[in-house]
Amino acid sequence: MKVKKFGGTSVGSAERIRNVGKLISGCKKDIVVLSAMSGTTNSLLEISSAIKNDDTKQASQLISQLREKYADTINSLFRTEEYKHKATEAIDAIFNELKALSEKTFSIKLEKEIVAKGEMMSTRLMNLHLHEEGFNSVLLPALDFMKIDRHGEPLEEFIKEEASKAIAAHPDADLYITQGFICRNQDGDVDNLQRGGSDYTASILGALLGAEEIEIWTDIDGMHNNDPRFVEDTRPVHNLHFEEAAELAYFGAKILHPTCILPAREHNVPVRLLNTMDPAAEGTLIENKLERNSIKAVAAKDNITAIKIKSGRMLLAYGFLKKVFEIFEKYETSIDMITTSEVGVSLTIDNEKNLQLIEEELSKLGAVTIDRDMVIICVVGDLEWTNKGFEAAALEALRNVPVRMISYGGSNYNISFLIKKEDKTKALRLLSYHLF
């Protein structure tokens, strides 16, 4: 059994739903996780915003517009009047629920119920399309088994037990269709997984149900060795270690969210990234195998702010770093990179929400300098410290680029450089030229 996830772009139109149907129709006992059709979640958030603003007329108009989009999709997707009728009934039921929700008082709870309708609609359309094509698929509502605790973490034992029961109740099914992203919280209310969305759902199910492999289908053929938006002639990386993939995802490779592969890594289930537009492409396989003595890829993380705290009091003083970290913890701001010297600390953040308050408290410890509009360039591969030459090769590539900070040694898979925003494209291209 495999778990196959298809994102919003992959099911973004009638034609693409048919293409996904062809990709999964020959599978047996696989679990298919679907996102909402592309654009739907944004439309649902607009509806929610109108409700928040007490603009019932706008909410009603937005619901009608979205309903027309789905009517067009149904008309294009289904061949027979029988299944057009079935699909219309199923989608109308969801829009009736949406209309009823739009008449309630706004709350975050209400917004989550509204947003969940996107995945419910895409999975119903896919399941009915498969039925029309003669395949025995079963729709398993994710709200029956996907559950999180008060900290937003998946309740693994509950998910494993309830998902297994749901599958066992349909032993003759060829395929199991379910929703990504959405779940229930500990209070039983509709909620969502937030981090990584549908990818995270697929990873959790694949890990807990002992899948042979987890397939993440998107509109690009795997993780590339550099950002194709800025660098020409990039190529997919065929094999990555879980740690390498996590580093790339965290530092800018948008194809995968860094947290979504955690369950797969912990349960040693391989993850394969594939392209719905080019199903024959090899893609990227992520597993617990490390290819020694190789640099795999480069990624960039934008909108970084660098903070330097310089203080003579730091010299030989224990507890200084603890005070610095406590300030960032107080304002719930994570740190990406950090370097230290005898008289100073430099670090980076990617969230300026509480920067002014952080700066005020840090100023009590020393002189604070802030650099905005910075970029972290991350070089990923087998960067074990005993290897020779890899760090030197990366530094040599950037010899003509001003580097604000370098972070190395915190991971065996990553060396990071902090540079100015205007030097990003130049740095990415130089690294590609020298490393690949």
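A few comments on the model shown:
- Solvent-accessible area per residue, Å², over region 45-168 with all protein chains present [probe radius 1.4 Å]: 51
- Percent carbon-and-sulfur accessible area, region 165-322, ignoring ligands, DNA and RNA, probe 1.4 Å: 48
- The convex hull around the C-alpha trace of region 1-92, projected and averaged over every direction, spans 6.8 square nanometres.
- Neighbour net charge for ILE182 - beta-carbon separation under 13 angstrom, K R +1, D E -1: -2
- Short-range pairs are left out: with C-alpha atoms under 8 Å and at least six residues apart, the relative contact order of region 115-186 is 44 percent.
- Using the Cβ of LYS301 as centre and a radius below 9 Å, the other residues enclosed give a net charge of -3, where K and R count +1 and D and E count -1.
- Heavy atoms of LEU290 accessible to a 1.4 Å probe, total area in Å² rounded to 10: 50
- Rounded accessible area of ASP233 (nearest 10 Å², 1.4 Å probe): 140
- Sequence of PHE106, PHE417 when ordered by accessible area, the most exposed leading, probe 1.4 angstrom: PHE106, PHE417
- Between amide H atoms placed 1.01 Å from N, distances below 5 Å from LEU365 occur with no residue 5 or more places distant or on a separate chain.
- Taken one residue at a time, the phi angles of region 13-26 give Karplus couplings (6.51, -1.76, 1.60, θ = phi - 60°) of 7, 4, 4, 6, 4, 4, 4, 5, x, 5, 5, 9, 5, x Hz. Gly and Pro are set to x.
- For region 207-222, 3J(HN,Hα) per residue [Karplus equation, 6.51 cos²θ - 1.76 cosθ + 1.60, θ = phi - 60°, Hz, x = Gly/Pro]: 5, 6, 9, x, 5, 5, 6, 10, 10, 10, 9, 10, 10, 9, 7, x
- Once the Cα atoms are used to define both axes, helix 40-52 deviates from the longest principal axis of the chain by about 90 degrees.
- Positive-end residue, the chain charge dipole about Cα centroid, Cβ charges, pick of HIS170, TRP385, ALA59: TRP385
- Residue-wise HN-Hα coupling along region 424-436, computed from phi with Karplus coefficients 6.51, -1.76, 1.60 (Hz; x: Gly, Pro): 4, 4, 4, 5, 4, 5, 5, 5, 4, 5, 7, 9, 10
- Ordered by 1.4 Å accessible area with all protein chains kept, ARG124, ARG372 run largest first as ARG372, ARG124.
- DSSP finds beta bridges in region 150-278, and of those with both partners inside it, around 45 percent are antiparallel.
- With every protein chain in place and a 1.4 angstrom probe, the accessible-area ranking of SER102, SER76, largest first, reads SER76, SER102.
- Exceeding the 24 Å Cα-Cα cut-off - candidates LYS308/LYS330; LYS2/LYS160; LYS117/LYS147; LYS160/LYS330; LYS310/LYS420: LYS160/LYS330
- Per-residue packing, averaged as other Cβ atoms within 10 Å, sorts the ranges 326-332, 110-116 into the order 110-116, 326-332, beginning with the highest.
- Between ASN192, ASN354, ASN75, the GNM of the chain built on Cα springs shorter than 10 angstrom shows ASN354 fluctuating the most.
- CYS378 contributes an accessible area of around 0 Å² to the protein surface, as traced by a 1.4 Å probe with all chains present.
- Antiparallel content of DSSP bridges confined to the chain, in %, to 5: 60
- Relative contact order (percent, whole number), region 357-431, Cα cutoff 8 Å, 6+ residue spacing: 37
- In this structure the amide hydrogen of ILE177, modeled in the peptide plane, comes within under 5 Å of the amide hydrogens of VAL32, VAL138, LEU139, LEU140, none closer than 5 places in sequence on its chain.
- Taking the accessible area of region 394-436, probe 1.4 Å, and keeping the other protein chains in place, the carbon and sulfur fraction comes to 47%.
- Structural descriptor for the chain: relative contact order 13 percent, calculated from alpha carbon pairs under 8 angstrom and at least 6 residues apart.
- Over the chain: helical MRE at 222 nm, DSSP H runs n ≥ 4 each giving -39500 (n - 2.57), nearest 500: -12000 deg cm²/dmol
The values are calculated or read from the model by the stated rules, or taken from the named source; none is laboratory data. A quick note: this is a predicted structure, and the numbers were derived from the prediction, not measured. Here the Cβ is made from the backbone with ideal geometry for all residues, glycine too, and neighbour counts use every protein chain on show. Ligands, DNA and RNA are stripped out before the accessible areas are found, and what is left, the full protein with its side chains, is counted by its heavy atoms. Shrake-Rupley method; radii C 1.70, N 1.55, O 1.52, S 1.80 Å.
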